[in-house]
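The values are calculated or read from the model by the stated rules, or taken from the named source; none is laboratory data. Note that this is a predicted model, so its numbers are computed, not measured. Cβ coordinates were reconstructed from backbone atoms using ideal geometry, including for glycine residues, and neighbour counts include every protein chain displayed. Heavy atoms of the whole protein, side chains included, go into the accessibility calculation; ligands, DNA and RNA do not. Shrake-Rupley method; radii C 1.70, N 1.55, O 1.52, S 1.80 Å.
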Amino acid sequence: MASSRRLITGLCATVVAMFGFGFALVPLYQVFCDITGFNGNTSNIVQAQTQGSDGVDYSRLVTVEFVTYISKGMQWQLTPQVEQMQVHPGQMIDMEFIATNLSREDQVGQAVPSVSPGQGANYFNKTECFCFNQQPLKAGDSASLPLRFFVATDLPQGIQTLTLSYTLYELPAPEQKAKGV
Amino acid sequence: MSTDAAINTGVSDDAHEHHDHKPSGFFARWVLTTNHKDIGSLYLLFSFAMFLTGGAMAMVIRAELFQPGLQLVEPNFFNQMTTVHGLIMVFGAVMPAFVGLANWMIPVMIGAPDMALPRMNNWSFWILPFAFSLMLMTLFMEGGGPNFGWTFYAPLSTKYSPDSTAVFVFAVHLMGISSIMGAINVIVTIVNLRAPGMTMMKLPLFVWTWLITAFLLIAVMPVLAGAVTMVLTDKYFGTSFFDAAGGGDPVMFQHIFWFFGHPEVYIMILPSFGIISAIIPTFSRKPLFGYASMVYATASIAGLSFLVWAHHMFTTGMPVAAELFFMYCTMLISVPTGVKVFNWVATMWRGSLTFEVPMLFAIAFIVLFTIGGFSGLMLAITPVDFQYHDTYFVVAHFHYVLVSGAIFSIMAASYYWLPKWTGYMYDDYLAKWHFWCSLISVNILFFPMHFLGLAGMPRRIPDYALQFANVNAVVSIGGFAFGLSQLIFLVVVIKCMRGKGERASAKPWEGAEGLEWEMPSPAPYHTHTTPPEIK
């Protein structure tokens, strides 16, 4: 009976541990994607890198494309200044997106970036991005949203095109949130 | 041996009844029972009821797909049918049937008087009727039942799911708890209650496969519980596990789900391997070829099942390296599986074969399961999976391994052990009809689905393009025929239970081996009260 009890305790502990493991997969997956760039997760950590004339690889041109998606039911527009550009790896680029709230309500948006192909995601460094912050917009208003980025010089040779996509989501308005709780 | 004669002498039922100390009254006998045979019977009857319920839903699906266009049901109801059909067949029919077989046969096979934890055994069964009542209730709720597929991918199950999702989550929790308790019971029984001399490598293969299955259950059912809990909190409590707007990731749902889901697939097939490994030697009158290799093959299939989950997700945009890894691991599984198939064939080789109904189902299992294995191998090849993904080819594949695989093995087991359970032989004439009708109709039902899938018909849709019409009509006819054939099985089982038929001897199968054949038929209420002697 004693060995039975030990076995049962062990089995129950395994069950609890595996339940925990299911939840542990969430941060593990996040870390895994951040490190490897799987799933197009772009790293928010910019590696210190020399820029300027000596840091730029003028021998190479990479095409960077910008696409945007608006989540279902949200009446906003998000338009990149240009849809596509050629950049040298290491070159610091400033560009803008125009966001417009076409609905009749004041809303808060949050853009979530993703880079394709996933293998290139870690080489796409954003030093300034509207996706770092929430973006409130009054009904009918427009705002220009800045993006500053560079493509790392050690981008694998096989990658000639990087596509940066933003999906814009609506966040619950702050006062609604307070009411809801 | 003279055992058969000794058993069949005129010991009347009443004498048995008195000797067995069965509790009297329906409530005390069945609801409060802690007897492994009673609980096994309850599990088996419950799973058969669920099989017919899930089957009725499949009939709705096939009736709607008989013709292109929308005829009978709303698309939303169609989606509920595909979802609940899947959930019921996986968690309500196949898994409880195996647990029922485990309850009945494992203590008898290893020389134990009962399961190790009889009260928990009662509980783990009686949770199930409640869980499935909840699940079926959702179909009548406002907004309908679950309609997001049995895989409940987020955001279908979070953002776009009906209000009844909370009930679905609770039902899945209950099923998980039941399965985990059943698995703990099986492991403790096998590890601690073997008769003296019953060493691990003497265990019947059904016991071995169930031991490994139980470990799989314990490892992955809690992960499923975690996944449904995250769906619950995402939908109702404002968390963002799978919601990209809040920093979550819907693809992560698929990783978590299939980390459970792929071992789950083997949970539904490993006990089948054990059943077939019991039946094939009996009717070949030869010992099983390669016992040890069967044990190791089962264990390696179970181990590999944790390394292949992402082959369900080849089209989610994984890096090539990951796709190759999962592709090769998946293909590797065909090695131990092939070992098993060849061992069964080698067991039959030059055996004195007879073709009683359990053997017919077992041979059909080997052939049809192998077809399912081959289509699985095709699906494992990453570049072509992009064409097969989410088409009827996948539907054909998993129905070959689950219906003509798992379900056929359960039928085989039922025919094989029904004499032991009820004390009466099944009606051979009806059983043969059941077998041949099932065999022919199951192939009319599922084989053409391969071609539908290759031609591009997507799964989980209530309507389809005109060019698929003829094949779908044939498939539907096969479906109705298969559904009706199962009613023959119902009749056979009822006849056995009501004692209509030949009395079964202790060992109705000439070539059978194992402790279960050394006791009278029906097996007495209490068996192995003193440990049997193991040769």
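Data table
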item: Share of pairwise Cα separations in region B:71-148, more than 16 Å, in percent; result: 61 percent
item: Pairwise centroid distance, computed over Cα atoms, of region B:24-83 with region B:168-244, Å; result: 22 Å
item: Pairs of Cα atoms farther than 13 Å apart, region B:368-410, %; result: 49 percent
item: Distance between modelled label sites at A:Y69 and B:H526, nm, 7 Å Cα→Cβ extension; result: 6.5 nm
item: Bins of 5 Å from zero: percent of alpha-carbon pairs in region B:33-263; result: 1, 7, 13, 17, 16, 14, 11, 9, 6, 3, 2, 0, 0
item: Label-point gap, in nm, between B:A321 and B:E513 - each point 7 angstrom along Cα→Cβ; result: 5.0 nm
item: Förster-model FRET efficiency, 25 Å R0, B:L45 and B:Y429, C-beta, rounded to 0.05; result: 0.60
item: Listing of region A:125-174 residues, each with accessible area lower by at least 30 Å² in the full protein assembly than in the chain alone (probe 1.4 Å); result: A:Y169
item: Over chain B, relative contact order from alpha-carbon pairs under 8 Å, at least 6 apart, %; result: 19 percent
item: Gained length - A:I159 relative to A:L61, 0.36 nm times residue gap less alpha-carbon distance; result: 34.2 nm
item: Accessible surface ranking that places the most exposed of A:E128, A:E65, B:E64 first, with a 1.4 angstrom probe; result: A:E128, A:E65, B:E64
item: Distance violations [Cα-Cα > 29 Å] among B:K286/B:K420; B:K37/B:K500; B:K22/B:K432; B:K37/B:K495; B:K500/B:K535; B:K495/B:K535; result: B:K22/B:K432; B:K500/B:K535; B:K495/B:K535
item: Cβ-based net charge around B:L65, under 13 Å, with every Lys or Arg adding one and every Asp or Glu removing one; result: +1
item: When the convex hull of its Cα atoms is projected in every direction, mean area for the protein assembly as shown (nm²); result: 36.0 nm²
item: For the pair A and B, total buried accessible area rounded to nearest 100 Å², probe 1.4 Å; result: 2400 Å²
item: FRET E, pair B:F306, B:H21, Förster distance 30 Å, beta-carbon r, rounded to 0.05; result: 0.10
item: Antiparallel %, DSSP beta bridges [both residues in the protein assembly as shown], to 5; result: 80 percent
